[in-house]
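Please treat every number below as a calculation from the coordinates, not as lab data. Values in this document were obtained by computation on a predicted structure and should not be read as measured data. So basically every Cβ, Gly included, is an ideal-geometry build from the backbone, and we count neighbours across all protein chains shown.
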Amino acid sequence: MSSLSSSKLTIVLYLVVIIFMAFGGTMLYLSRPEPTTITINPPLPTGTNAPTATPGPILVYVTGAVMLPESTHELPFGSRVQDAIAAAGGFADSANKTLVNIAGILRDGDQIHVPSVDEHGLTLPTPSGGELLRINTASENELLRLPGVGPALAGRIVAYRDEMGRIDSFAELDQISGIGEATIAKWQDLIAFD
C-alpha cells in the first residue's frame, strides 16, 4: 500500500507543479507590458540648387622670357598666371618678374607675355579678344559699363546670379526682367560667360 500511496502522492505533486506552472505562465503573459511604438519622423525635404556645369580646361599661350617660349598649355579652369609660367618651364634668367602679375586669373585663349629685362614698357598678360565683361564675376559697378544697364538692372543681374548660380548663356540672361532681345543684341560682343 505504501507504494500505491507514494505513486498517488507523486502524481498529485506533478499535478500541483503543472498547475503552478500554468498559473505562473498565464500571469506572466497577462502582466507583460504593452509593446512600445516607435514613430520615425523624417526631416522635411530641403531645396537644392540645380547642378551647374563644370568648366572645362583652358588653353593659354605663353611668350617671352620663359624656358619654353611661344608654347600653348592646357590648364584647369581658374588657373593663374603663375600656373601658366610654371607650365612653360618657369621664368628664364632674363625675365623681368616685376612686370608680370603672377596672381592674375587666366581665361581660355589668354596670352601671357613675360618681358625680359631688356624690354621697355609695361607688358602684362593680354587677354584674347579685348576687354570682355565676365558676367559671372562682374560687380554691380562693372555691370554699369554695359549699354542700357542702370543700377536697378545691375542689381537684378547680381541677384539672379546669387539665386540661380552661374549664367551660361544669353537665353538665361533673357530670363532677367529688363533684358530682352534688343539688349542681348547689344551685348553679343561685350560679355563672356566664363
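Take the alpha carbon gyration tensor of segment 1-41, find the square roots of its eigenvalues, order them as a ≥ b ≥ c, and report rounded if a/c is under 1.5; if not, report prolate when a/b exceeds b/c, else oblate.
Numbers: a/c = 12.99, a/b = 7.38, b/c = 1.76.
Taking the square roots of the gyration eigenvalues as a ≥ b ≥ c, segment 1-41 is prolate.
When 1/r is averaged over all different Cα pairs and the result inverted, which Kirkwood radius in Å belongs to the chain?
Values: mean 1/r = 0.0425 Å⁻¹.
Evaluated over the chain, this radius sits at 23.5 Å.
Taking other Cβ within 10 Å of each residue's Cβ, how do I179, I191, I19 sort, fewest first? Write down the numbers at each step before the final one.
Numbers: I179 21, I191 18, I19 10.
Final ranking by Cβ density, sparse to dense: I19, I191, I179.
3J(HN,Hα) along segment 18-34, derived from phi through the Karplus expression 6.51 cos²θ - 1.76 cosθ + 1.60 where θ = phi - 60°, amounts to 5, 5, 4, 5, 5, 5, x, x, 5, 5, 5, 5, 6, 9, 5, x, 5 Hz, with x in place of Gly and Pro. Angle of helix 151-164 to the longest C-alpha principal axis of the chain, folded into 0 to 90 degrees and rounded to 10: 40°.
In this label model, V17 and L132 are separated by 9.6 nm, measuring between points 7 Å along each Cα→Cβ vector. Between the amide H of V66 and those of A92, distances stay under 5 Å, these residues lying 5 or more places away or on another chain, with hydrogens modeled in the peptide plane. Once backbone amide H atoms are built at 1.01 Å from N, H113 has T63, T126 as its partners under 5 Å, excluding neighbours fewer than 5 places away on the same chain. Comparing Cα centroids, segment 131-170 and segment 75-100 end up 30 angstrom apart.
For R134, nonlocal amide neighbours, meaning residues 5 or more places apart or on other chains whose placed amide H falls under 5 Å from its own, are A192.
The string of couplings for segment 137-143 from the Karplus curve (6.51, -1.76, 1.60, θ = phi - 60°) is 10, 5, 7, 4, 5, 5, 5 Hz, one whole number per residue in order, with x for Gly and Pro.
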